[in-house]
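Working notes for the structure below.
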Amino acid sequence: SRQGKFAEASALFGRATDIQQKAMAPQLVALTASLNGKGLALMGQGKFVAAEQVLQQALAIREDNLPTGALPVAESENSLAQLYFQTAHYPQAEALYKGSIGTYEKVKGAESSEAANVRNNLASLYYAQGKYQQAEPIFKWSVSVFERTSGKESIDVANACNNLAELMRAQKRY
């Protein structure tokens with residue numbers, strides 16, 4: 001019967017797809033670095049819809065082809081969170097930042113510069129929403145981590161100090 005042949009063909013296509021995905025996984029994962037960069041460039045140009053599509057694609061490929069807790073997934077989460085932050089999709093940005101922080105803390109350590117960078121991004125998100133009580137301790141923590149990991153005179157420290165100063169200015173605490 002024709003129905004039986006379609007079912008058999010479907011199963012064979014499924015098997016072929018599985019084999020091809022496994023064989024191509026390294027190339028797909030390599031592609032995601034370019035996709036992530038392209039998404040960030042599109043975001044910089046204000047092309048947010050196109051950037052979102054590209055960043056979501058990079059994240060999906062990484063999630064599908066890398067083990068749970070892989071650093072490239074955390075990188076993609078942070079990039080997509082930045083887009084959502086810029087486009088005022090705050091709940092989505094917060095969830096992605098928190099996922100990225102969790103991965104960086106597990107793999108690199110809670111006091112790593114990568115974790116501090118994403119925590120600083122999360123604090124900036126809170127600041128943008130007027131959640132100063134949540135933002136301030138994270139900004140202070142980021143300053144101290146960057147001082148230890150990057151040096152007291154590093155650009156990371158300067159940026160974190162600037163963020164903390166902006167928060168204090170917004171609260172008229174000068």
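Table for the structure above
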quantity: Full-stretch length increase - Gln133, Leu28 - with 0.36 nm per residue and alpha-carbon distance subtracted; calculated: 33.6 nm
quantity: Among the listed pairs Lys131/Lys172; Lys98/Lys140; Lys38/Lys108; Lys108/Lys140; Lys108/Lys131; Lys47/Lys140, those beyond 23 Å (Cα-Cα); calculated: Lys38/Lys108; Lys108/Lys131; Lys47/Lys140
quantity: Cα-derived Rg over Rh, computed across segment 56-120 with Rh taken as Kirkwood radius; calculated: 0.96
quantity: Sites Lys5 and Asp64 - FRET efficiency at Förster radius 25 Å, r taken between beta-carbons, to 0.05; calculated: 0.25
quantity: Per residue accessible area in Å² of segment 27-174, where ligands, DNA and RNA are left out and the probe is 1.4 Å; calculated: 51
quantity: Burial ranking of peptide ranges 113-123, 157-167, 12-22 (average Cβ count within 10 Å, highest at the top); calculated: 113-123, 157-167, 12-22
quantity: Helix-only CD estimate at 222 nm, as mean residue ellipticity for the chain, using -39500 (n - 2.57) per DSSP H run (n ≥ 4); calculated: -29000 deg cm²/dmol
quantity: Two-decimal log10 I(q)/I(0) for the chain, as the Debye equation yields it once each C-alpha is a single scatterer, q = 0.09 Å⁻¹; calculated: -0.41
quantity: For a label point 7 Å along the Cα-to-beta-carbon line of Asn159, residues of segment 30-47 with backbone N under 15 Å; calculated: 40-41, 44
quantity: When the convex hull of its Cα atoms is projected in every direction, mean area for segment 46-93 (nm²); calculated: 3.2
quantity: Normalised contact order of segment 1-145, rounded percent, pairs of Cα under 8 Å and 6 or more residues apart; calculated: 14
quantity: Rough spin-label spacing in nm, given labels placed 7 Å along Cα→Cβ, for Ser112 and Thr87; calculated: 2.8
quantity: Bins of 10 Å, starting at 0 and running to the largest distance - Cα pair percent for segment 1-96; calculated: 17, 36, 22, 15, 8, 1
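The values are calculated or read from the model by the stated rules, or taken from the named source; none is laboratory data. What you see is a predicted model, and the numbers here were worked out from it, not measured in a lab. Methodologically, a virtual Cβ is constructed for each residue, glycine included, from the backbone with ideal geometry; neighbour enumeration extends over all protein chains shown. Heavy atoms of the whole protein, side chains included, go into the accessibility calculation; ligands, DNA and RNA do not. Shrake-Rupley method; radii C 1.70, N 1.55, O 1.52, S 1.80 Å.
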